[in-house]
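Taking it in order: structure first as structure tokens, then the write-up.
Quick note: the coordinates plus some simple rules give every number you see, no bench work behind them. Quick caveat, the model's predicted, so the values are computed rather than measured. Counting neighbours? That spans all protein chains shown, and the Cβs are built from the backbone with ideal geometry, glycine included.
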């Protein structure tokens, strides 16, 4: 009798454990399915991809939601506009990789924990801050390489040019693009000449002020100024003129970059995302 009782107890425990595992899995699936979006796609003139934290990849269209943890990718010639919940707007240029590392925003009441952190792995973005940028220092940041941009209340353009080694590692890691065009100079290049842009982070401030910080130091840039930092060891510097930054989205973007939540690229209906797992 004792061995039989032991087998029954073991079987019962196994059943409970299995049910508990299934219940936990259902909870995880439910939490993933109910993930709160941080914004939506307001406009796009080409292919915009998003890789979720789970690893699944989906094609985004106008009206598609963007979630915390998503990494956005644009292809050659593609511009895309993302409207965030706090009325910030983020436009991506061609061949850009941008991640929503963290995002927390409560519109009803100001929460000191509310913040947003974006990560630019390559390419260029145009950011116009909304409510988060006006709340407190470092509440809205953009990182690129070893440099962090405190966005504050501003509108600016940032371009991050990878070194050749970083670009090769990034290409193997993502595996999303078949063809990647590197915007690299051959040998040392002075920012602003006709040979191209050397690796590093460039900024152009259109309105307000931003602060760039790395281990080399901190530098502030105000409206009309251009900035550059080549590495984590050298502090950001002010450039005397435009080093060659160009950000030219389609004319339709001009009507959807204002910090409102109703821009949807001319009234296009939201469509179902195509998910690749």
Residue tally, condition closer than 23 Å to residue 132 by Cβ and free of Cβ contacts under 8 Å to residues at least 40 places away in the same chain, over the range 51-64: 2
Strands (runs of 3 or more DSSP E) completely within the range 88-169 that count 1 or more residues being without any contact (Cβ under 8 Å) to a residue 60 or more places away in the chain and crowded, with 21+ Cβ neighbours inside 10 Å: 89-92, 97-104, 115-128, 140-144, 154-161
